[in-house]
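The values are calculated or read from the model by the stated rules, or taken from the named source; none is laboratory data. Fair warning: this is a prediction, and the values are worked out from it, not measured in the lab. Neighbour counts run over all protein chains shown; Cβ positions are idealised from the backbone, glycine included. Ligands, DNA and RNA are excluded from the accessible area calculation, which covers all protein heavy atoms including side chains. Shrake-Rupley method; radii C 1.70, N 1.55, O 1.52, S 1.80 Å.
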Amino acid sequence: MNFPDALYLTQVGFLIYFIAIHSGYLLLNLIALLTMRSYLDQHSLQLPRAYCGLEPPISLLVPAYNEEATITASIRSILQLEYPEYEVVVINDGSRDTTLEVLIAEFRMELFPEAYRQQLDCKPIRGIYRSRLFPNLRLIDKENGGKADALNAGINGARYPLFCAVDADSILQRDSLWRVVEPFLEDPTVIASGGTVRIANGCRVEGGFLTEVGLPGKLLPAFQVVEYLRAFLFGRMGWTALNAVLVISGAFGVFRRDRVIEVGGYRSDCTGEDMELVVRLHRMNRLARRPYRICFVPDPICWTEAPETLKVLKSQRIRWQRGLSESLAMNRGLLFNRHGGAPGWLAMPFMLLFEWVSPLIEVGGYLFMLTGFAFGVVSGEVLALFFLVALSFGMLLSVSALLLEEISFRIYTKPRQLLALLGIVVLENFGYRQLMTYYRLIGLWRWAIGSKASWGTMTRSATWQRNS
Amino acid sequence: MASATLSDPLLHGVLISALVVTALTFVLLIVIVLLRFLFTRRECRLRSILDRWRPLLTRAAAGEVVDAPQLDAIEGELLLPHWNQLRESIRGESEASLDAFAHRIGLEGIARSLLASGNTRSRLLAINTLGHIGAAGAFEEDHGIERTLRDVATLEPLCLDNNTIVSLAAARTLLRLDSTWALPRLVPLMVQRADWSMVRLIPMLRAADTAQLELVLADILPRVEGSALERLLLIAAILPQDRTAHWARMALEKSTDEAVLAAALRLMGDPRDAPIVRHYLQHPSWQVRVRAVTALGRVADAEDLPRLIAALSDPEWWVRLRAARALARLPFIDHEYLARLCETVSDRFARDALLQVIAEERTA
């Protein structure tokens, strides 16, 4: 092959890749559309829930590290969830501030001689407390080991067959547990169920619960509203239909405790421990050829604050890309495995091609086209075509996600909110998506060179928690 | 070729697809705006319907005789969810008043017409509505019994529907309309359909006649095994323990399925069954052992103390904890005994379980 041919193929290659990646997501949206109609039909009528004593009780695991300012409000709102039987297990992961003292004082915690079962490895436990005010509230105090380690400690201490990993700053709805546990009631093979996470910025929160949905006032979190719809909601809905959803958000997901213990719990040597666990559950159940299902509940039942500054957003996206890379690498045995099913033959290759390596190809494409044009090896026509493809397909994807939202939950009911979203759908393709791709490339690079991961600092405004 | 141009057929194709995609994007944007317009219009219409009917429904629920026109099909379909919500939130005489009002304004006919719809949501609404209105019983002046029988005939096949939620809703409605008729037909289905969660079934059955439920379960018992037998035993837990103990004995005799054994042991509460329960304390499955230990706590006498103490050293945590709890609740055991036991027992895990239970009893 000579240089001109290589140039030609490179240009065509980038164009085809951009078309392919967006077409893949459009196909997922189409599957999500078909699945959504059926889901909405069947769940539109909320039949009354009379407690019968056979509902699966749930252990809510709330890892906490340096949360002295917000932990009280978080736990108080979690204790108001409506569900027949659940316990709240707060795991103080060696906080250096007064998180432990605050919990002990606010909830009248006292040391309890609990028979602790060490089924998963974790850092040493310093003490287990029970609340004298709330019989279903417990606290595990341990040495610092990270979120995954804290969750493992919580799983060890959990009493119930299902556990729900909840971020301390997640805002739930009163019936969130009912919604996320429904797949377990309908299908005994379900081993994990994830809730949809929506952006809380701009919403009104009272008493720890969302009372009014709003759009963020700032552009950066507003972009993330559309991004969450596009990438995290309808994409996952599509994969659920194929039993190939590879991520359940760490902010809110329910798992069968015994199946998680069987596969070894959360890995603490991994940045994206939530995704890695789900991929491992797929891998080990597929290879063992055990019937199982991992579901995703599309109802908006969990809300979280999105980063409002570029610095924090960058740190988050770098961490996510690292987590993706680690999860795929650690479970590469599933890829194209004979027994891999949809996760091994569809979802993982999709993730590899369109999530993992895509930052490299996308940034490479932009650089190649722009540099090539500057040096005269890429024509103006091809450059324009490249941008037309990138923007048109990108916008179609975002608009299709908005269409799905309009058909399904329509949580932004005010006309001006819809107009704002329509504007964002167009605007995000002019810089925001490209910037996120660049951050993901940094994450990929850092994973590749094996640099030490850190969570950075999520600067949260979380005024609703301070005002509760 | 140093650089591709749009005269290249491949790139020309890419251009066409990009332009089509751009056009499609604009079309979808228009569709979104249109959908929102239609939704807003529907919401306005719904609001005006509710503004008109809400006060009437509230007065009807309060027992007033309310004069109201017949609903048309569109109004009725919009009003149905709200009528159902209100209906689910009231109790007592208000239920009958609201049901009679719904019949007078034609809501029943609208629900029946929706039953034939292919749409799951509409069918669910219809099934639920008929369950309420039909259960109001005899509107003798309107041939209420015949109408109820007709609804029953329409709903019965829906219980066999592959759609779990539709079939469950139909079963629930049939139990409301005529539980005497429905129980013998539905309970065999409940026992067989693994997709009908016990969490949904138990509240439905709690409202049924326990004597009839007992007869139906007794009739099915000899013919089931495996998971169906387990489900039957879980349902049987609704009935008084003295009525079901012999079923548990029968199940323990004929089955080796762990889930069945565990479900049967849940029903054990007669001290005369202690020898049977003891047999399962060493079962290989911890789920069976945990039920055995819990059951032993209900039927034990003084000679079972060593067995419960031995269970404190079981390899499975849950068995140890349940053994400790069973010990703590024995009527002839007091806290001092438990405290002394805690000091004398050599197994660390046994001691942990006892300490926890002692602390639980102290704070209870």
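So if I average 1/r over every pair of distinct C-alpha atoms in the range A:216-288 and take the inverse, what Kirkwood radius in Å does that give? Numbers along the way, then the final one.
Details: mean 1/r = 0.0719 Å⁻¹.
One over the average 1/r among Cα pairs gives 13.9 Å for the range A:216-288.
In the Gaussian network model of chain B, springs joining C-alpha atoms below 10 Å, which of B:Leu34, B:Leu19, B:Leu98 carries the largest mean-square fluctuation?
Checking each option, the largest mean-square fluctuation is seen for B:Leu19.
Counting only protein heavy atoms and a 1.4 Å probe, tell me what percentage of the range B:21-107's accessible area is made up of carbon and sulfur.
Numbers: 3010 of 4860 Å².
About 62 percent, which is the carbon plus sulfur part of the accessible surface.
Express the Stokes-Einstein translational diffusion coefficient of chain A in µm² s⁻¹, to the nearest whole number, given a Kirkwood radius over alpha-carbon pairs, 25 °C and a viscosity of 0.890 mPa s.
On the way: Rh = 23.3 Å.
Translational D for this selection: 105 µm²/s.
What distance in nm lies between label points placed 7 Å from Cα along the C-beta direction at A:Met1 and A:Leu133?
The answer from the label model is 6.7 nm.
Please report, as a whole percent, how much of the solvent-accessible surface of the range A:265-405 comes from carbon and sulfur atoms (probe radius 1.4 Å).
Carbon and sulfur: 65 percent of the exposed surface of the range A:265-405.
Report, to the nearest whole %, how much of the accessible area of the range A:77-130 belongs to carbon and sulfur atoms, 1.4 Å probe, protein only. Write out the running numbers ahead of the final one.
Numbers: 1050 of 2400 Å².
Summing carbon and sulfur atoms, their accessible area is 44 percent of the total for the range A:77-130.
According to the Cα gyration tensor, what semi-axes, each the square root of 5 times an eigenvalue, does the equivalent ellipsoid of the range A:380-439 have, listed from largest to smallest in whole Å? If you can, show how the numbers build up before the last one.
Details: eigenvalues 137, 29, 20 Å².
Gyration-tensor ellipsoid for the range A:380-439: 26, 12, 10 Å.
Using 0.36 nm per residue, how much length does the chain from B:Ala68 to B:Gln192 gain when fully extended, once their Cα-Cα distance is taken away? Working shown, then result.
Working: separation 124, 0.36 × 124 = 44.64 nm, distance 4.54 nm.
Additional length available on full extension: 40.1 nm.
Near A:Phe336, within a Cβ-to-Cβ distance under 15 Å, what is the net charge of the other residues, with Lys and Arg +1 and Asp and Glu -1?
+4
Report, please, the projected area of chain B averaged over directions, based on the convex hull of its C-alpha atoms, in nm².
On the way: hull surface 131.6 nm².
Over every viewing direction, the Cα hull of chain B projects on average to 32.9 nm².
Under 20 °C and 1.002 mPa s, how fast does the range B:168-215 diffuse according to Stokes-Einstein, given a Kirkwood radius computed over C-alpha pairs? Answer in µm²/s, whole number. Intermediate results must be reported in sequence, preceding the final value.
Details: Rh = 10.7 Å.
Reported coefficient: 201 µm²/s.
Dividing the Cα convex hull volume of the range A:173-325 by residue count, how many Å³ per residue is that? Spell out each step's value before the answer.
Working: hull volume 18.5 nm³, N = 153.
Looking at the range A:173-325, the number lands at 121 Å³ per residue.
Counting C-alpha atoms alone, how compact is the range B:299-351: give Rg to one decimal and Dmax as a whole number, in angstrom.
Computed over the Cα atoms of the range B:299-351, radius of gyration and Dmax are 10.2, 27 Å.
Count the lysine pairs in the protein assembly as shown whose Cα atoms lie under 21 Å apart, taking only pairs 8 or more positions apart in sequence or on different chains.
Counting lysine pairs in the protein assembly as shown gives 10.
Give me log10 I(q)/I(0) at q = 0.12, 0.20 Å⁻¹ for the range B:228-364, Debye formula, one equal scatterer per alpha-carbon, no solvent.
Normalising to I(0) and taking log10 leaves -0.46, -1.10.
Rank-order A:22-29, A:411-418 by packing density, defined as the average count of other C-beta atoms within 10 Å over each peptide's residues, highest first. Mind dumping the intermediate values first?
Values: A:22-29: 19.4, A:411-418: 14.2.
So the peptides A:22-29, A:411-418, ranked by packing, come out A:22-29, A:411-418.
Sort out for me the Cα centre separation of the range A:64-91 from the range B:327-347, rounded to whole Å.
Spelled out, the Cα-based centre of one part sits 34 Å from the other.
Specify whether the C-alpha gyration tensor of the range A:166-241 places it in the rounded, prolate or oblate class, a ≥ b ≥ c being the square roots of the eigenvalues: rounded for a/c under 1.5, otherwise prolate if a/b is larger than b/c and oblate if not.
Values: a/c = 3.02, a/b = 1.44, b/c = 2.10.
Oblate shape, in that a/c is at least 1.5 and b/c is the bigger or equal ratio.
Can you give the alpha-carbon Rg of the protein assembly as shown over 2.2 N^0.38 Å, where N counts its residues?
Values: Rg = 30.2 Å, N = 832, 2.2 N^0.38 = 28.3 Å.
That ratio works out to 1.07.
What nm value, rounded to one decimal, do you get for the distance between B:Arg340 and B:Ser7 when each label is placed 7 Å out toward the C-beta?
Rounded to a tenth, the inter-label distance reads 10.6 nm.
Work out, step by step, the length gained on full extension between B:Trp286 and B:Met250: first 0.36 nm times the residue separation, then minus their alpha carbon distance; give nm to one decimal. Write out the running numbers ahead of the final one.
On the way: separation 36, 0.36 × 36 = 12.96 nm, distance 2.14 nm.
Between B:Trp286 and B:Met250, full extension yields an extra 10.8 nm.
Which of these, B:Gly92, B:Gly76, B:Gly109, has the largest mean-square fluctuation under a Gaussian network model of chain B (Cα springs below 10 Å)?
It is B:Gly92.
Please report how far the C-alpha centroid of the range B:62-139 lies from that of the range A:99-147, rounded to the nearest whole angstrom.
51
If you take the beta carbon distance between A:Glu381 and A:Glu212 as r and set R0 to 51 Å, what does 1/(1 + (r/R0)^6) give as a FRET efficiency, to the nearest 0.05? Don't skip to the answer; put the middle values down first.
Numbers: r = 50 Å, r/R0 = 0.97.
Taking R0 as 51 Å, the efficiency between A:Glu381 and A:Glu212 is 0.55.
Could you work out which residue, out of B:Cys44, B:Cys342, B:Cys159, moves most in a Gaussian network model of chain B, that is, has the largest mean-square fluctuation with Cα springs under 10 Å?
With Cα springs under 10 Å in chain B, the top fluctuation among B:Cys44, B:Cys342, B:Cys159 is at B:Cys44.
Using a probe radius of 1.4 Å on protein heavy atoms only, what is the accessible area buried between chains A and B, both sides summed, to the nearest 100 Å²? Walk me through the numbers on the way to the answer.
Values: alone 20240 and 19820 Å², together 34940 Å².
What A and B bury together is about 5100 Å².
Rounded to the nearest whole Å², what accessible area per residue is found for the protein assembly as shown with the 1.4 Å probe? Intermediate results must be reported in sequence, preceding the final value.
Values: 34940 Å² over 832 residues.
Dividing the accessible area of the protein assembly as shown by its residue count gives 42 Å².
Taking a label point 7 Å from the Cα of B:Ala23 along the Cα→Cβ vector, which residues of the range A:384-399 have an amide N closer than 14 Å to it?
none
Go from 0 up to the bin containing the longest alpha carbon distance in the range A:47-142, width 5 Å each, and give me the % of pairs per bin.
Distribution as computed: 3, 12, 23, 24, 16, 12, 5, 3, 1, 0 percent.
What is the distance in Å between the Cα centres of the range B:224-289 and the range A:383-437?
Comparing the Cα centres of the range B:224-289 and the range A:383-437, I get a distance of 59 Å.
Under the Kirkwood approximation for Rh and a Cα-based Rg, what ratio Rg/Rh is obtained for the range A:326-463? If you can, show how the numbers build up before the last one.
Details: Rg = 19.1 Å, Rh = 18.4 Å.
Radius of gyration relative to Kirkwood radius: 1.04.
Taking the range A:264-359, which trypsin sites (Lys or Arg not before Pro) meet the DSSP loop condition and have no more than 15 other C-beta atoms within 10 Å? List each step's numbers first, then the result.
Working: sites: A:Arg267, A:Arg280, A:Arg283, A:Arg286, A:Arg289, A:Arg293, A:Lys311, A:Lys314, A:Arg317, A:Arg319, A:Arg322, A:Arg332, A:Arg338; in loops: A:Arg267, A:Arg289, A:Arg338.
Passing sites in the range A:264-359 are A:Arg289, A:Arg338.
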